[in-house]
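First comes the structure, then the notes that go with it.
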Amino acid sequence: MIQPVALSETANAVFNLEETVSNLPHRPGVYRMLGAGGEVLYVGKALDLRKRVSSYFQKSGGLSPRIQVMVAQVRGIETTVTRSESEALLLENNLIKGLAPRYNILYRDDKSYPYVMLSGHRFPRLGFHRGALDKANRYFGPFPHASSVRESMALLQKVFRLRTCEDTVFSNRSRPCLLHQIRRCTAPCVGLVDEAAYAADVRDATLFLQGREDEVLSDMQRRMAEAAETLDYERAALFRDRIRSLQAIRETQYVSSAKSLDADVVAVVNESGLTAVNLVMIRGGVHRGDRTLFPQNAREADERDALEAFLSQHYLERPAPSLVIVNRPVEAQALSEALGAQSGTKVQIVHNPVAERRVWVEMAEQNARLALRQRLATQATQEARLGALQRALGLAEGAQRVECFDISHTMGEATVASCVVYDRGAMQNSEYRRYNINGISPGDDYAAMRQALERRYRRLVEGEGRLPDVLLIDGGRGQVSSALQVLAELGLSGLPVVGVAKGEARKAGLEQLIVAETGEVLRLPSDDPALHLIQQVRDEAHRFAITGHRNRRGKARTASSLEDVPGIGATRRQRLLARFGGLKGVVAAGVDELAQVEGISRALAERVYQHLH
């Protein structure tokens, strides 16, 4: 953590600008602009605090409209002096992350990036990893999307045939699994490959992930020749097939560098007042995918400011590659020092690349523009839908928050209620909630709806969260009546409630809207934008409820299937699940296989088999 060598605070009741600025030192540090209530409006860094802060209050400052609005609200300034500009950059970043000032450009990208993992076991396991890194294992990445990791793992399984099973399954196998039969694993679990041969496959997979494909091909060609010389033609054919697979993979890699390098390409684009940043990850000289982010508080923001904010915030909690290529000039020296200190390696930032790297930047810019235009088109569509909904239901002009409830169960089993939220023109996944419904008669949808609404809105009455502008209930008059009863008991009877009943033959576009306030039944045209928004929110509530119900039902059935067998306690149940890799494996096993498990007699195996079938 950075320790400031000096601190100057001026957040007094009477703000004297000239005195405050004159007392600032000509040293690097971080400044915080404060509002009338002491809240932090903006956090910035500077190589020279006095010059940087005073530039905000000069008549010819050339400030953007966003910063001009901020400056007009400043009633105090706090500064923290640091030893260098790179330290100031790190401190600025931490403060922005912690305080989220309204005038700083913010990137919400807290999700950890996935890696391909090779474990440190005697026979290493190939796996998908997200989260903190363990020094006992080797990691390759990061990748922008989980799909990129799974695609890479599928290629590695096809060519190098490494195990992917968990340790509990690996250590309890008595025969090869299906992956061995389809030539995706060499079955080290049952000794069908020796340790030296498996280690060679792991080494080749490591070189492949590092982008050293030529070395892998050379090694495989050598091993194929050796096998042919010893007349082991079956093994030689195996290496021949692997070489062909690798060559086919190389042909499909649409971006590849002549050199094996790790780099990130970052391009920022600003159009129609919106800003987008596209991040391209190149690992081992191979394009691993890209991701586009849209910052907050960046309307009409300068592209350079948006780019610098991304670089510092994105790499605050994750290592930067040795090379970062950008499409706009930035304060490269300070950023390089800060990113290098964060990553523990030297980081070079290049803003004017040539040849192949210029193509990468142009591709990233094009991706950013496409994503930006798609976002603008989606925004316009959602605004039109929301306006139509306001008119159709007679809502206030500023109404934009919609919450929708749905109930899911199978013949009354494992009842789950869902609540999804639509706000600010998009579904707000982080605000979704599920409720496991208990203590009601199986199949009583009305009681389930009452319980879910009571649990949801009692918390809001107590001061947590915020009320929606309109509440959608997936159901007819009975569900709407249940909702009105709960809201009345909680003192929320003024909340607009609309039931969304299935139309004739449950066909989309024929839904009936039951307006609770008037009892009126609306049937909007199938092409009405308001109906499209209602369908979007209702379908998401339905999907979220079904997913929760299936998970709850699956857990209940998995737990009860073996627990109900007389003579099968916790230890025997654990041995069965570990031996066969889960309940599906136990169900698929025959009596003879079940009897091979420690503690399972022939008679007990027959009892288990009869119970499961």
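Identify, from the list ARG466, ARG523, ARG459, the residue that is open to solvent by 70 Å² or more (accessible area, probe 1.4 Å), in contact (Cβ under 8 Å) with a residue 24 or more places away in the chain and basic (Lys, Arg). The conditions single out ARG466. For segment 244-263, indicate whether the set of residues that are at pLDDT 85 or above and under 34 Å from the mean Cα position of the chain (by Cα) is non-empty. Yes - at least one qualifying residue is present in segment 244-263. Looking across segment 495-507 at every residue that is open to solvent by less than 70 Å² (accessible area, probe 1.4 Å) and assigned to a loop (DSSP other than H, G, I, E, B), the one that is modelled with the lowest pLDDT is identified as GLY503. List pairs: first residue in segment 437-451 and on the phi > 0 side of the Ramachandran plot, second residue surrounded by 13 or more Cβ atoms within 10 Å (Cβ to Cβ) and part of a loop (DSSP other than H, G, I, E, B) anywhere in the structure, Cβ distance under 6 angstrom, at least six positions apart or on different chains. If the second residue must be surrounded by 13 or more Cβ atoms within 10 Å (Cβ to Cβ) and part of a loop (DSSP other than H, G, I, E, B), the pairs left are GLY443/GLY412.
Let's see how each residue does on (1) touching a residue at least 40 places away in the same chain (Cβ under 8 Å); (2) surrounded by fewer than 16 Cβ atoms within 10 Å (Cβ to Cβ); (3) over 25 Å from PRO101 (Cβ atoms); (4) of a type in the set (D, E, K, R):
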{"site": "LEU311", "(1), (2), (3), (4)": "yes, no, no, no"}
{"site": "PRO321", "(1), (2), (3), (4)": "yes, no, yes, no"}
{"site": "GLY344", "(1), (2), (3), (4)": "no, yes, yes, no"}
{"site": "VAL347", "(1), (2), (3), (4)": "no, no, yes, no"}
{"site": "PRO353", "(1), (2), (3), (4)": "no, no, yes, no"}
{"site": "ARG391", "(1), (2), (3), (4)": "yes, yes, yes, yes"}
{"site": "GLY412", "(1), (2), (3), (4)": "no, yes, yes, no"}
{"site": "SER418", "(1), (2), (3), (4)": "yes, no, yes, no"}
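Here VAL359 fulfils each of the conditions (1) over 25 Å from ILE105 (Cβ atoms); (2) open to solvent by 50 Å² or more (accessible area, probe 1.4 Å); (3) not in a helix (DSSP H, G or I) apart from (3). Taking first residues from segment 22-35 that are at pLDDT 90 or above and partners that are of a type in the set (Phe, Trp, Tyr) and in a loop (DSSP other than H, G, I, E, B), the Cβ contacts under 9 Å between residues at least 6 apart in sequence or on separate chains come to MET33/TYR56; MET33/TYR103; LEU34/PHE15.
Looking only at residues in segment 446-473 that are outside any helix (DSSP H, G or I), hydrophobic (A, V, I, L, M, F, W, C) and touching a Gly at 6+ places or on another chain (Cβ under 9 Å), which one is nearest to ARG424 (Cα to Cα)?
Initially, segment 446-473 is screened for residues outside any helix (DSSP H, G or I), giving 462-473.
Keeping just the survivors that are hydrophobic (A, V, I, L, M, F, W, C) gives 467, 470-473.
Those left that are additionally touching a Gly at 6+ places or on another chain (Cβ under 9 Å): 472-473.
Values: LEU472: 17, ILE473: 20 Å.
Across segment 446-473, the extreme among qualifying residues is LEU472.
Checking each residue in segment 474-494 for being part of a helix (DSSP H, G or I), open to solvent by 20 Å² or more (accessible area, probe 1.4 Å) and either under 19 Å from VAL420 (Cβ atoms) or among the polar types (S, T, N, Q) (or both) picks out GLN479, SER481, GLN485. Every listed requirement among (1) open to solvent by 30 Å² or more (accessible area, probe 1.4 Å); (2) in a helix (DSSP H, G or I) is met by GLY443 save one, (2). Checked against (1) touching a helix residue (DSSP H, G or I) at 6+ places or on another chain (Cβ under 9 Å); (2) modelled with pLDDT under 85, ALA355 passes all but condition (1). Please tell me if GLU403 is crowded, with 21+ Cβ neighbours inside 10 Å and either more than 28 Å from the chain's Cα centre (by Cα) or of a type outside the set (Lys, Arg) (or both). Yes: the conditions hold for GLU403.
Conditions tested, residue by residue: (1) closer than 30 Å to ALA452 by Cα; (2) in contact with a helix residue (DSSP H, G or I) (Cβ under 6 Å, 6 or more places away or on another chain); (3) small (Gly, Ala, Ser).
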{"position": "GLY503", "(1), (2), (3)": "yes, no, yes"}
{"position": "ALA508", "(1), (2), (3)": "yes, no, yes"}
{"position": "GLY567", "(1), (2), (3)": "no, yes, yes"}
{"position": "THR571", "(1), (2), (3)": "no, no, no"}
{"position": "ARG579", "(1), (2), (3)": "no, no, no"}
{"position": "ALA589", "(1), (2), (3)": "no, yes, yes"}
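Answer with yes or no whether VAL149 is in contact with a strand residue (DSSP E or B) (Cβ under 7 Å, 6 or more places away or on another chain) and either modelled with pLDDT under 85 or under 22 Å from ARG184 (Cα atoms) (or both).
On the way: in contact with a strand residue (DSSP E or B) (Cβ under 7 Å, 6 or more places away or on another chain): yes; either modelled with pLDDT under 85 or under 22 Å from ARG184 (Cα atoms) (or both): yes.
So VAL149 passes the test.
Screening segment 156-184 for residues that are without any contact (Cβ under 8 Å) to a residue 60 or more places away in the chain and open to solvent by less than 10 Å² (accessible area, probe 1.4 Å) and picking the one that is nearest to the chain's Cα centre (by Cα) gives LEU156. GLU92 meets each of the listed conditions (1) crowded, with 18+ Cβ neighbours inside 10 Å; (2) within 30 Å of LYS59 (Cβ to Cβ); (3) touching an Asp or Glu at 6+ places or on another chain (Cβ under 9 Å) apart from (3).
Scan LEU495, LEU510, LEU522 and give me the residue that is among the aliphatic types (A, V, I, L, M) and farther than 25 Å from GLN485 by Cα. Working first, answer last.
Working: LEU495 fails: farther than 25 Å from GLN485 by Cα; LEU522 fails: farther than 25 Å from GLN485 by Cα.
Going through LEU495, LEU510, LEU522 in turn, just one is among the aliphatic types (A, V, I, L, M) and farther than 25 Å from GLN485 by Cα: LEU510.
Cβ-Cβ distances below 8 Å connect the following pairs, each with a first residue in segment 273-284 that is within 16 Å of VAL149 (Cα to Cα) and open to solvent by 10 Å² or more (accessible area, probe 1.4 Å), a second residue that is assigned to a strand (DSSP E or B) and at pLDDT below 90, and a separation of six or more residues or different chains: ARG283/PHE140. Screening the candidates SER147, SER152, SER112 for the property of being among the polar types (S, T, N, Q) and either within 14 Å of LEU209 (Cα to Cα) or crowded, with 21+ Cβ neighbours inside 10 Å (or both) yields one hit, SER152.
Name the residues in segment 367-386 that are in contact with a helix residue (DSSP H, G or I) (Cβ under 9 Å, 6 or more places away or on another chain), buried (at least 16 other Cβ atoms within 10 Å of the Cβ) and not charged (D, E, K, R), would you? GLN382, LEU386 - these are the residues of segment 367-386 that are in contact with a helix residue (DSSP H, G or I) (Cβ under 9 Å, 6 or more places away or on another chain), buried (at least 16 other Cβ atoms within 10 Å of the Cβ) and not charged (D, E, K, R). For segment 200-240, a residue qualifies if it is exposed (fewer than 14 other Cβ atoms within 10 Å of the Cβ), at pLDDT 80 or above and either in contact with a Pro (Cβ under 8 Å, 6 or more places away or on another chain) or within 21 Å of MET153 (Cα to Cα) (or both), but none of them does.
For segment 391-432, the set of residues classified as on the phi > 0 side of the Ramachandran plot and among the hydrophobic types (A, V, I, L, M, F, W, C) consists of MET411, ALA414, listed by residue number. Restricting attention to segment 62-83, and to residues there that are over 21 Å from LEU307 (Cβ atoms) and among the small types (Gly, Ala, Ser), which single residue is surrounded by the most Cβ atoms within 10 Å (Cβ to Cβ)? My answer is GLY76.
Does PRO329 satisfy the condition of being closer than 12 Å to ALA267 by Cα and without any contact (Cβ under 8 Å) to a residue 40 or more places away in the chain?
On the way: closer than 12 Å to ALA267 by Cα: yes; without any contact (Cβ under 8 Å) to a residue 40 or more places away in the chain: yes.
Yes.
Among residues of segment 95-107 that are within 18 Å of GLN73 (Cβ to Cβ), those with a beta-carbon under 9 Å from a residue that is of a type in the set (Phe, Trp, Tyr) at least six positions away or on a different chain give the pairs PRO101/TYR42; ARG102/TYR42; TYR103/TYR42; ASN104/TYR42; ILE105/PHE310.
The values are calculated or read from the model by the stated rules, or taken from the named source; none is laboratory data. Just so you know, these numbers come straight off a predicted model, no measurement behind them. A quick note on method: Cβ atoms are made from the backbone with ideal geometry, for glycine too, and the neighbour counts reach across all protein chains shown. Remember, those area values only see protein heavy atoms, side chains included, never the ligands or the DNA or RNA. Shrake-Rupley method; radii C 1.70, N 1.55, O 1.52, S 1.80 Å.
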